[in-house]
Amino acid sequence: MTASTLPAVRRRAGEWGWIGLAFAFLALLACWPLWSDDYGLSVVRDILVFGLLALSLDYLWGKAGVLSFGHAAFFGIGAYSMAIFGPLAAGAGANAATVGLLAGLAIAAAVAGLIGYFLLFGGVRGPYFTIVTLAVSLVAQHIAIGWSEVTGGDAGLIGAPPPGLEIGGFSVLLFDAASLYYLVLVIVTAVLLGLWVALRGRYGRALAAIQDNELRAQTLGYNTSAYLLLVFVISSALAALAGGLYASLSSYVAPDLVGLFLSTEVIVWVAVGGRGTLVGPVIGAFLVIRLQQEVSSIDFKIWPLFVGLFFVAMVFLFPRGLLPLLVQAVRRLLRSEVSR
Amino acid sequence: MQDVVSLVLNALTLISILMIVALGLAIVFGLMNIINMAHGEFVTLGAFTLSLVQSLGGSYWMALVIAPLVGATLGAILERGLIRFLYARPLAAILATWGVSLIVQQVLQLTFGAAPIAASGPFEGSVKILGASYPAYRLLLIALAFATVAFVIWVMKRTRFGLDLRAVIQSREIAQTLGIDAGRIATLAFAGGTAIAALAGVLVAPLTKVIALMGANYLAPSFFVVIVGGAGSLPGVIAGSTVVGGLETVLNYQVPVTLSQALVLITAVIIVRFRPRGLIPA
């Protein structure tokens, strides 16, 4: 039995390898400010935000088996909400960004809940669900470009408030590179840890069972549509969290944050890192965005061509992702060391 | 009266375009449960064929014959070379054909540039219908689209190939035990679908900007058609196109384009809740 045909319920053998990798990766990131200058911090910080987006898709695609071509739409909802509602809430002082963020989370969850309810409870699954999310992505893109009185059209919007918090007399606004970097790192770590803890027990098993054979899971008494809807809503809200963070950190949003191509790229990040491994997609985002910078420095027009070739190659050569291949190879190496 | 006539004709134009673009997609989806994300690129290839034929001195009518051949050939290559290995993995097929779509877009863009290229219809001018003046070319488009759909219905209902195809759609296994070569049928049906998409490309080219990325504009609406109408059924495609095209045309008169697209999406999603297999399933 090859890895790709192994049922999702039993794909847990390598978990300790991934936990080790997650620790090493996060430790490295935590130490990064010791070496880096402010510019380096902001680069890694932005990639981490995209890593959070990849993580949100992995929860949906890797853990529940639902592929979405619309995750950039929810990222965009988060980003645009920050840029639209944040400045409106200027009266809230340091809390302006918090207001924008909460608005984004609420709108994304509501949209996902509405679409997800009609589709999932209507019995729409697999490829059918995927093409509807693709349509969501296209419509979101058209709204971002076309509704220019609100979204600024092609030019986008500036003036998203920086992250901050104000409770009672205590008020803090984050401006310097190091605190912004650690803010993002803490959020990504918290989401990663939260998802890992939530999914390692019964709940994760139930999702894996739905992924392997939904009818069987239903027969065992699980309301599978409700399970999938919850995953879709939370995953979309997490994507909006990433979007809101991105807008708040760069104080600028543009229509390419909602585009279909970003949705495509998220899938690449998850696929490279190995779907269902949680930390893998975050690392995948790092690897792919680095590669993108290298390729684009030669000629920025050939990157989409690269992505296209990647999809075709992935389906045939490494259906479970590039990083899992690497982890497997390392594990085999270690095992042969021990047995010697 | 004039307004009503032009509204109806505008709706008919959009319905015709949706119908022939979605036809191939619906057949392939119903037949093999494969969603061809590169379907829109065959529309693009058809439009580029028209432009190339015309720039080499050929006529519109010549392109109308050549484009389906180009579409069928490339479609057969895609099915034999890639898609037939992925029948058991529908999500992998989505990713692979999406990759093909990006590759075709970029190759066309690198070869022909990002600017729109020229493509023109066979004639200009307009015709008076019930007091309303309407572009003659659009009437040709409507006529050719309906002729194509009629032809496909004839193939499906009246030929041996159509019978085999319907048998494979109903049950691949039983069709195979009866001696039908399902693999061959799949290749032919796929090539037929992409040929019609390329034909659609020729038909829409004079009405729109011919650019390498134009296919994406046709992909989502034709998915709506398939979702609303039902995969793998010809009546479903006609019903889906009528609902989506009619709704979008009527809404475009009332509200901004972006809002009308969002409303069409919402309508499609709500219809799916109550008719999960589409309005007229296979």
### Query
Would it be correct to say that B:LEU213 is in contact (Cβ under 8 Å) with a residue 60 or more places away in the chain, within 14 Å of chain A (Cβ to nearest Cβ) and farther than 21 Å from B:MET32 by Cα?
yes
## Note on the structure
Filter region A:318-331 for residues that are crowded, with 22+ Cβ neighbours inside 10 Å and more than 14 Å from chain B (Cβ to nearest Cβ); the one that is farthest from A:LEU26 (Cα to Cα) is A:PRO324
### Summary
For helices (runs of 4 or more DSSP H) lying entirely in region A:90-158, having 3 or more residues that are under 20 Å from B:THR267 (Cα atoms) and modelled with pLDDT under 85 picks out A:126-146
### Query
Out of all the residues in region B:1-26, which are surrounded by fewer than 24 Cβ atoms within 10 Å (Cβ to Cβ) and not hydrophobic (A, V, I, L, M, F, W, C)?
B:GLN2, B:ASP3, B:SER6, B:ASN10, B:THR13
### Task
Taking the residues in region B:27-62 that are out of contact with any Leu (no Cβ under 9 Å at 6 or more places or on another chain) and assigned to a loop (DSSP other than H, G, I, E, B) as candidates, determine which candidate is surrounded by the most Cβ atoms within 10 Å (Cβ to Cβ).
B:ASN33
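Where in region A:264-340 are there helices (runs of 4 or more DSSP H), lying fully within it, with 2 or more residues that are in contact with a Phe, Trp or Tyr (Cβ under 6 Å, 6 or more places away or on another chain) and either touching a residue at least 24 places away in the same chain (Cβ under 8 Å) or closer than 30 Å to B:TYR87 by Cβ (or both)?
Result: A:279-298.
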### Query
Residues in region B:222-231: is at least one over 30 Å from B:VAL8 (Cα atoms) and free of Cβ contacts under 8 Å to residues at least 60 places away in the same chain?
no
### Message
Which of the numbered conditions does B:VAL243 fail, given that it passes all the others? Conditions: (1) more than 10 Å from every other protein chain (Cβ to nearest Cβ); (2) without any contact (Cβ under 8 Å) to a residue 60 or more places away in the chain; (3) crowded, with 22+ Cβ neighbours inside 10 Å.
### Response
(3)
### Options A:ALA108, A:ALA135: the member that is crowded, with 20+ Cβ neighbours inside 10 Å and more than 9 Å from chain B (Cβ to nearest Cβ)
A:ALA108
### Task
Output the number of residues of region B:153-168 satisfying the condition of being surrounded by fewer than 21 Cβ atoms within 10 Å (Cβ to Cβ) and in contact (Cβ under 8 Å) with a residue 60 or more places away in the chain.
2
### Residues within region A:38-68 that are outside any helix (DSSP H, G or I) and at pLDDT below 85, tallied
0
#### Entry: region B:1-41, residues that are within 9 Å of the chain's Cα centre (by Cα) and of a type outside the set (A, V, I, L, M)
B:GLY24, B:HIS39, B:GLY40
### Query
Which residues, counting only those in region B:111-133, are modelled with pLDDT of 85 or more and in a strand (DSSP E or B)?
B:ILE117
### Task
Among the residues of region A:111-124, count how many are more than 10 Å from chain B (Cβ to nearest Cβ) and either in contact with a strand residue (DSSP E or B) (Cβ under 9 Å, 6 or more places away or on another chain) or surrounded by fewer than 22 Cβ atoms within 10 Å (Cβ to Cβ) (or both).
2
### Message
Of everything in region B:107-126, what is touching a residue at least 60 places away in the same chain (Cβ under 8 Å), touching a Phe, Trp or Tyr at 6+ places or on another chain (Cβ under 7 Å) and either away from chain A (no Cβ under 14 Å) or among the acidic types (Asp, Glu) (or both)? Give them in sequence order.
### Response
B:GLY121, B:PRO122
### Lone unmet requirement of (1) farther than 21 Å from A:GLY116 by Cα; (2) assigned to a helix (DSSP H, G or I); (3) small (Gly, Ala, Ser) for A:ALA209
(1)
### Hits in region A:150-182 - residues which are of a type in the set (A, V, I, L, M, F, W, C), touching a residue at least 24 places away in the same chain (Cβ under 8 Å) and surrounded by 15 or more Cβ atoms within 10 Å (Cβ to Cβ)
A:LEU157, A:ALA160, A:LEU173, A:ALA177, A:LEU180
### Task
Check whether at least one residue in region A:297-317 is crowded, with 24+ Cβ neighbours inside 10 Å and either more than 12 Å from chain B (Cβ to nearest Cβ) or not charged (D, E, K, R) (or both), and report yes or no.
yes
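The values are calculated or read from the model by the stated rules, or taken from the named source; none is laboratory data. The structure displayed is predicted, hence computed values, not measured ones. Neighbour counts are summed over all protein chains in view; Cβ atoms, including those assigned to glycine, are modelled from backbone coordinates with ideal geometry.
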